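Accompanying notes for the structure given below.
The values are calculated or read from the model by the stated rules, or taken from the named source; none is laboratory data. Source: prediction; values computed, not measured. Here the Cβ positions follow ideal geometry from the backbone for every residue, glycine too, while neighbour counts run over all protein chains shown. SASA here: full protein model, heavy atoms, side chains in, ligands and nucleic acids out. Shrake-Rupley method; radii C 1.70, N 1.55, O 1.52, S 1.80 Å.
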Amino acid sequence: MSNKQKISVITLGCSKNTVDSERLMNQFKVNKFDLIDNPEEADSVVINTCGFIDAAKEESVNTILSAIELKKQGKLKKVVVAGCLSERYLSELKKEIPEVDAFFGTEAYEGIVREFGGSLKYELLGERIVTTPKHYAYLKISEGCDNPCSFCAIPLMRGTHKTKPVDDLLFEAESLAKKGVKEFNIIGQDTTDYGKENYGRRNIAELLKKLSDVNGVEWIRLLYAYPSHFPEDLMKEISVNPKICKYIDIPLQHISDNVLKSMRRGITQRRTKELLYQFKERIQGITLRTTFIVGYPNETEKEFQELCDFVKDIKFDRFGVFTYSIEENTPSFILGDPVPQEEKERRKTELMEIQKEISRKKNEELIGKEMKVLIDDIEGEYYTARSERDAPEVDGEVLVLAESNLLKRGQFYNVEIYDCNEYDLFGKLKRV
Ligand code: SF4
């Protein structure tokens, strides 16, 4: 019997927030609430916010204000705010947006469900409502972070590193696989730190091996690895395990020793390069994704050019660039924000231009090659798909030409690559 309350959960920010919202949505479902996609058709909304950097904070505040507007128009009864922004700025938000009915921090499932008159079903906390396309999902293996990166506010919002027990994750993966999930994208703030509290050592390799034995799991993709303590056995497991994508996302943030030191990244340029060369030597066909920050307070033009030379040398398959965002209560806050925004944007553009050419050349080398792809969707005359080289939502795609209605979302097919642009590949069906 539905309890007739229609609730819309709005998720902002990163894939970790997506997992938290999916867990919360399942709790609403088992409490017989109606889940509604469109906030305008709901009785109440829960906004799972992001508080990472300025742009994300702005988006969160604007989303809250839009919901408050709907409430003022009598279209919404209740507005609940949760997640990183309210974890970090609770008192300010309470003062500045008093129209919000309740504020919660991160992973506050019990309080939120009780706010609507429900009760938390602990035994079902491992269950989620998958909001990504049904054939892939994110698996959050830990919460929080112990790394001291000077620019980062995440530990202020997500706390210290907490490993999720292997059995809980295997249960979660089994239940997702039963729902049709084939691709598991492994996430956390630092996935390489997995296990150190509960198991006395970093045992991410063991976890991935066990996950690969779960029935229905086809692809496991490692995201958010940390360079300064990349476990030796993890490199081995990725190279030998056919279910683990030959793909590593490892944010490096910079390469100049001066900047790395000030960022408190715990690694040097020489050690970073050694690690990347090892990946290329020991993991055949490895795809490397990374992230950089430009415009960090003590980054000079010379250090920025060092970064440009580095990406020309390593030739990453994928990377993203953030402009430095000064964040209060982080160690680098005292350095101020001396690099003008315009100059930060110029550096970001220059770096992305370098990458565009590298990415095009790498894609051109794949023309004529056969690839296994997973169909995500259909857009016009193309099926949009991804290969092992493409993480969802952040990387390029493989656009597959095939008769309409021949291919199925969530299925794997072999295609031959016949063309490309900077970021995407074009393939034609090789075998059904
Ligand atoms: S590894 Fe560094 S940048 Fe990433 S969440 Fe932890 S402190 Fe922040």
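The table below lists the values:
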| read-out | value |
| --- | --- |
| Solitary cysteines of the chain, where the nearest other Cys Cβ is not under 4.7 Å | 14, 50, 84, 145, 245, 308, 420 |
| Whole-percent carbon and sulfur share, accessible surface of segment 370-429, 1.4 Å | 44 percent |
| P(r) histogram, all alpha-carbon pairs of the chain included - 10 Å bins from 0, percent | 4, 20, 29, 28, 16, 3, 0 |
| Per-residue [θ]222 nm for the chain (sum of -39500 (n - 2.57) over DSSP H runs n ≥ 4, rounded to 500) | -10500 deg cm²/dmol |
| Estimated distance in nm for a label pair at residue 278 and residue 175, the labels positioned 7 Å out from Cα along Cα-to-Cβ | 3.7 nm |
| Between segment 347-368 and segment 212-265, the Cα center-to-center distance that results, in Å | 22 Å |
| Segment 165-205: trypsin sites (Lys or Arg not before Pro) falling in loop per DSSP and having at most 16 other Cβ within 10 Å | 179, 201 |
| Convex hull projection area averaged over all views, segment 6-124, Cα basis, nm² | 6.6 nm² |
| Charge dipole (debye, nearest 20) of the chain; +1 at Cβ of Lys and Arg, -1 at Cβ of Asp and Glu | 1040 debye |
| DSSP bridge pairs, segment 136-364: antiparallel proportion in percent, nearest 5 | 10 percent |
| Potential lengthening between residue 38 and residue 366 on full extension [0.36 nm per residue; Cα-Cα distance subtracted] | 114.0 nm |
| C-alpha center-to-center spacing [segment 372-386, segment 313-340] in angstrom | 34 Å |
| Across 179/430; 6/32; 302/361, pairs whose alpha-carbon gap is larger than 18 Å | 179/430; 302/361 |
| Per residue value of the accessible surface for the chain (all protein chains in place, 1.4 Å probe), Å² | 43 Å² |
| Karplus-derived HN-Hα couplings along segment 18-31 (A = 6.51, B = -1.76, C = 1.60, θ = phi - 60°), whole Hz, x at Gly and Pro | 4, 4, 4, 5, 5, 5, 5, 4, 5, 5, 4, 5, 6, 8 |
| Estimated inter-spin distance, residue 59 and residue 215, nm [label 7 Å along Cα→Cβ] | 3.9 nm |
| Entries in 315/348; 362/428; 182/210; 246/369; 236/356; 280/315 that, when Cα-Cα distance is taken, lie over 21 Å | 236/356 |
| Accessible carbon and sulfur surface of segment 1-132 relative to its total accessible area, %, 1.4 Å | 51 percent |
| Förster radius 25 Å - calculated FRET efficiency between residue 134 and residue 114, Cβ distance, rounded to 0.05 | 0.25 |
| DSSP beta bridge pairing in the chain, given as percent antiparallel to the nearest 5 | 35 percent |
| Within a Gaussian network of the chain (alpha carbon springs, distance under 10 Å), most fluctuating of 173, 225, 402 | 402 |
| Percent carbon-and-sulfur accessible area, segment 136-364, ignoring ligands, DNA and RNA, probe 1.4 Å | 52 percent |
